[in-house]
Amino acid sequence: MDNRPIGMFDSGVGGLTVYREIKKKLPNEQIIYLGDTKEFPYGSKSKQNIIELTKNNIEFLLEYDVKLIIIACGTATSQALKEVRKIYKVPIIGIIDPTVNYIKQNKQYKNIGIMATRGTIKSNTWEKSLKNAIPDVKIYNKECPLLAPMAEEGWVDNEIAKLTIKEYIKYFPKLDALILGCTHYPLFEKIIKEYMPDTDIINTGKVIASFLENNIEKAELSKNMQDHIYLTDMECNFITVANKILNSPVEIKDVEVK
Ligand code: DGL
């Protein structure tokens, strides 16, 4: 048993799609969540900038004696995971490797699409990892810079969301699977599925939750266990969207991350 909390972060509400799946599978785990709303969006920032922000977020979470850190952000995973793993001793898990391993071990996909932020697509990390694991796979990359800001606004099921998704996915040929390579995108999963009914839609949060279930030393049930959500800027729509994602009111605190 390891009752220390799990730390996780994202630029905003997107990481809560990972949080939600972890809570379903591992309800005894205490989670400390950091939304770096002051620096949102991560998807349009330089690699160097993302590495610095990721280091700051990790150092904030380390103050809570976390047993591991989940980078619940595709952009930070693709651009900073390798660097920060060299610096910190705490286990750090991103959203890419567990997903690639899951696909390699369980699926026979030939054509995989990836939707992600501009920074993630530019890094080419998904494509490199997938081709490394499955040499004959064909990858189709599509950057979708409008989706994370729309998700932060809670615009995930209106007409604008439908038109925007339609515009982005028209790029893809017939796919076996579509990876939602940004943690904000599972919020649009219903619409995407309507447009692509025959394609497997991969929500990385679900994969991470199963990965943790099989790979971590778990916490025991505790009545006093309470999750904490911290934001680096409260002047945002986080609370409204978070309440919808988590289906219950959440307590949120303001912090400064240096
Ligand atoms: N949720 C993030 C990701 O997975 C970040 C989106 C953003 O801040 O641009 O990439």
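Since every read-out is calculated from the coordinates, none of them should be taken as a lab result. Note that this is a predicted model, so its numbers are computed, not measured. Cβ: placed from backbone, ideal geometry, glycine included. Neighbour counts: every protein chain shown.
Once the piece of chain linking ILE239 and LYS38 is laid out straight, how much longer is it, given 0.36 nm per residue of separation minus the C-alpha distance between them?
Between ILE239 and LYS38, full extension yields 70.9 nm more.
What FRET efficiency, computed as 1/(1 + (r/R0)^6) with R0 = 41 Å and r the Cβ-Cβ distance, is obtained for GLU194 and LYS218, rounded to the nearest 0.05?
0.65
Within straight cross-link reach of LYS38, meaning Cα distance under 17 Å, which lysines are found once same-chain residues fewer than 8 apart are removed?
LYS55, LYS253, LYS258
Please figure out what share of the DSSP beta bridges in the chain is antiparallel and state it in percent, rounded to the nearest 5.
Approximately 0 percent, going by the DSSP bridge assignments.
How much net charge surrounds ASN101 when only the other residues with a Cβ under 15 Å from the Cβ of ASN101 are counted, with Lys and Arg +1 and Asp and Glu -1?
So the surrounding residues net to +3.
Taking the Cα-to-Cβ direction at LYS166 and at ASN49 and moving 7 Å from each Cα, how far apart do the two end points lie in nm?
If labels sit at LYS166 and ASN49, their model points lie 3.3 nm apart.
For the residues LEU62, LEU147, LEU175, what sequence is obtained by ranking on other C-beta atoms within 10 Å, fewest first?
Lowest count first: LEU62, LEU175, LEU147.
Calculate for the chain the 222 nm mean residue ellipticity that helices alone would give, adding -39,500 (n - 2.57) per DSSP H run of length 4 or more and normalising by residue count, nearest 500 deg cm²/dmol.
Helix-only estimate at 222 nm: -13000 deg cm²/dmol.
Rounded to the nearest 0.05, what FRET efficiency do MET1 and ASP157 give with R0 = 45 Å and r taken as the Cβ-Cβ distance? Could you check?
That pair, MET1 with ASP157, gives E of 0.65.
Rank the residues HIS184, HIS228 as a footprinting-exposure proxy: fewest other Cβ atoms within 10 Å of their Cβ go first.
HIS228, HIS184
Given a cut-off of under 8 Å on Cα pairs at least six residues apart, what relative contact order in percent is computed for the chain?
29
Could you work out the Rg to Rh ratio of the chain, with Rh taken as the Kirkwood radius (inverse of the mean 1/r over all Cα pairs)?
That ratio equals 0.94.
So what's the angle, to the nearest 10 degrees on a 0 to 90 scale, between helix 16-25 and the longest Cα principal axis of the chain?
Helix 16-25 and the main axis of the chain meet at about 70 degrees.
Quote the FRET efficiency, to the nearest 0.05, computed for LYS86 versus ASN106 with a Förster distance R0 of 22 Å and r equal to the Cβ-Cβ distance.
Computed FRET efficiency for LYS86 and ASN106 comes out at 0.15.
Please rank TRP155, TRP126, fewest neighbouring Cβ atoms within 10 Å first, as an exposure proxy.
Neighbour counts put them in this order, fewest first: TRP155, TRP126.
Can you pull the semi-axes for the stretch 117-203, root of five times each eigenvalue of the Cα gyration tensor, sorted largest first, whole Å?
Values for the stretch 117-203, descending: 23, 15, 10 Å.
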